[in-house]
Amino acid sequence: MLNCILGGCGTGKSTRLMERMVQDIAAGRTVLVLVPEQFSFEEEKRLYRAMGAQAFNRLQTCSFATLSRSIFKECGENLRTAAYAGDQEKLVFLYQAVRSVAARGDLQALQRRSDSADFIDRMLSLIVKLRKAGVTSEKLHDAAAALPDRLREKTADIAVILLEYERILREHNLYD
């Protein structure tokens, strides 16, 4: 729920906000205070003086950057540790993936086509579409099982290529 505390300078907005934070802390709720980086030290001192040590120690204060890092750490990968692959890198890694799965004999329906000059371009275009649709190699592999014979084989081949492509990207600490 959003509560707005409105008023002019010196009307008690900050005091009311701190009273509400103390009430929430006393009720066992988690209170998170976002403070711009340049004001964090001064704001923490002010909160400590106004709330007292016990309430202040149960308060979480952070800057927007600190909050972002916490969210990435808690909810997903830290995107700063990996870069995005460029177009040429994607082509090279996809080529490597196709060569690898073809050499292992993992392709059924697409083995002959995998040697074609435009196969990599078509596969990359398909992967871009799959990514936009949120389809992973695992989802594609699972979906292949419900398809008719020839289509199942082609879809399974694409899933195997995509899985290898994803592995190579991870190995190079890249996203596509």
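The values are calculated or read from the model by the stated rules, or taken from the named source; none is laboratory data. Because the structure is predicted, anything quoted here is derived from the model rather than measured. No Cβ is skipped: glycine too gets one built from the backbone with ideal geometry, and neighbour counts run over all protein chains shown.
Would you mind stating whether residue 15 is β-branched (Val, Ile, Thr), in a helix (DSSP H, G or I), more than 33 Å from the chain's Cα centre (by Cα) and surrounded by 11 or more Cβ atoms within 10 Å (Cβ to Cβ)? Judged against the criteria, residue 15 is a match. Checked against (1) closer than 25 Å to residue 65 by Cβ; (2) not in a loop (DSSP other than H, G, I, E, B), residue 29 meets all criteria but (2). One residue alone among 65, 117, 97 is closer than 27 Å to residue 165 by Cβ, in contact with an Asp or Glu (Cβ under 7 Å, 6 or more places away or on another chain) and of a type in the set (A, V, I, L, M, F, W, C), and that residue is 97. Candidates in the stretch 104-132 are the residues that are among the charged types (D, E, K, R) and assigned to a helix (DSSP H, G or I); of these, the one that is nearest to residue 154 (Cα to Cα) is 113.
Quick one: would you say residue 20 is part of a loop (DSSP other than H, G, I, E, B) and among the charged types (D, E, K, R)?
The answer is no for residue 20.
For beta carbons closer than 7 Å, sequence separation of 6+ or different chains, a first residue in the stretch 152-168 that is assigned to a helix (DSSP H, G or I) and a second that is of a type outside the set (A, V, I, L, M) and crowded, with 18+ Cβ neighbours inside 10 Å, the qualifying pairs are 159/137; 162/137; 163/137; 165/93; 166/137; 168/93. Only residues that are touching a residue at least 24 places away in the same chain (Cβ under 8 Å) and buried (at least 17 other Cβ atoms within 10 Å of the Cβ) were counted in the stretch 131-151, giving 1.
On the given criteria, is residue 40 assigned to a helix (DSSP H, G or I) and touching a Ser or Thr at 6+ places or on another chain (Cβ under 7 Å)? It is true that residue 40 is assigned to a helix (DSSP H, G or I) and touching a Ser or Thr at 6+ places or on another chain (Cβ under 7 Å).
Considering 95, 175, the condition of being of a type in the set (Phe, Trp, Tyr) and within 30 Å of residue 34 (Cβ to Cβ) is satisfied by 175 alone. With respect to the stated conditions, residue 163 is modelled with pLDDT of 90 or more and either surrounded by 17 or more Cβ atoms within 10 Å (Cβ to Cβ) or closer than 15 Å to residue 89 by Cα (or both).
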